[in-house]
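The values are calculated or read from the model by the stated rules, or taken from the named source; none is laboratory data. Because the structure is a prediction, the values reported are computed rather than measured. Using ideal geometry, Cβ is built from the backbone for each residue, glycine included, and neighbour counts are taken over all protein chains shown.
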Amino acid sequence: MATLKVGDLAPDFTSRTEKGETFSLANLKGQPTVLYFYPKDNTSGCTLEAKSLRDGKAALAERGYRIVGVSPDSEKSHQNFCAKHELNFTLLSDTDHSVCEAFGVWAEKSMYGRKYMGVLRKTFLIDAEGVITHIFDKVKTAEHYQQIINELDKK
């Protein structure tokens, strides 16, 4: 599993958007990006996080950032998630976990004593050249966009 750190180049990847379009690292070049990983569409924490980013999209855009979310859900699931919660940013369908693995967020988890593989909730800030400038390991789902704004305003 990759262990990325601030200053590393974001790993190359190719995935599909909720609209079925091909999306790769090359699509991130040229504009700073909030690349966030989350476990599952329409679950309580993931919905709070997505709504926070939706509501903060204008403030992030003022600072030059776009938002891209990644989970193992299908394109159809992402379409429904976007429609239900009026999400206004791109979601990538990582059904084979290749993007999650490249970013080191596909890992063993545990719930009620049962171990399973899943997505660690983590966000990467990536600059226009594809360099990771910040990593959020502890995401506050309902306040995530404000966490990001606070970090950006420090710089």
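Values for this structure:
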| read-out | value |
| --- | --- |
| Selection count, region 52-65, where residues are in contact with a helix residue (DSSP H, G or I) (Cβ under 6 Å, 6 or more places away or on another chain) and either closer than 20 Å to Lys138 by Cβ or buried (at least 19 other Cβ atoms within 10 Å of the Cβ) (or both) | 3 |
| Which listed residue, of Phe124, Phe81, is in a strand (DSSP E or B) and either under 17 Å from Thr43 (Cβ atoms) or of a type outside the set (Val, Ile, Thr) (or both) | Phe124 |
| Among (1) polar (S, T, N, Q); (2) free of Cβ contacts under 8 Å to residues at least 60 places away in the same chain; (3) under 21 Å from Gly118 (Cα atoms); (4) surrounded by fewer than 20 Cβ atoms within 10 Å (Cβ to Cβ), the one test that Thr17 misses | (2) |
| Subset of region 41-63 (residues that are small (Gly, Ala, Ser) and touching a residue at least 40 places away in the same chain (Cβ under 8 Å)) | Gly45, Ser52, Gly56, Ala59 |
| Residue list for region 133-149, restricted to those being of a type in the set (A, V, I, L, M, F, W, C) and out of contact with any Leu (no Cβ under 6 Å at 6 or more places or on another chain) | Ile135, Phe136, Val139, Ile148, Ile149 |
| Residue check for Leu92: touching a helix residue (DSSP H, G or I) at 6+ places or on another chain (Cβ under 7 Å), modelled with pLDDT of 95 or more and not in a loop (DSSP other than H, G, I, E, B) | yes |
| Only listed residue being touching a residue at least 12 places away in the same chain (Cβ under 8 Å) and part of a strand (DSSP E or B), chosen from Val99, Val139, Val70 | Val70 |
| Which numbered condition Gln31 misses (of (1) under 23 Å from Glu129 (Cα atoms); (2) without any contact (Cβ under 8 Å) to a residue 40 or more places away in the chain; (3) in contact with a Lys or Arg (Cβ under 8 Å, 6 or more places away or on another chain); (4) loosely packed, with under 14 Cβ neighbours inside 10 Å) | (2) |
| Qualifying residues in region 116-139 (those that are of a type in the set (Ser, Thr, Tyr) and closer than 17 Å to Pro32 by Cβ) - the one nearest to the chain's Cα centre (by Cα) | Thr123 |
| Residue identified as buried (at least 21 other Cβ atoms within 10 Å of the Cβ), out of contact with any Cys (no Cβ under 6 Å at 6 or more places or on another chain) and on the phi < 0 side of the Ramachandran plot among Val70, Val119, Val131 | Val70 |
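Residues are listed down the side, and each one gets a yes or a no for (1) assigned to a helix (DSSP H, G or I); (2) modelled with pLDDT of 95 or more; (3) touching a Pro at 6+ places or on another chain (Cβ under 8 Å):
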| residue | (1), (2), (3) |
| --- | --- |
| Lys76 | yes, yes, no |
| Lys115 | no, no, no |
| Gly118 | no, no, yes |
| Ile132 | no, yes, no |
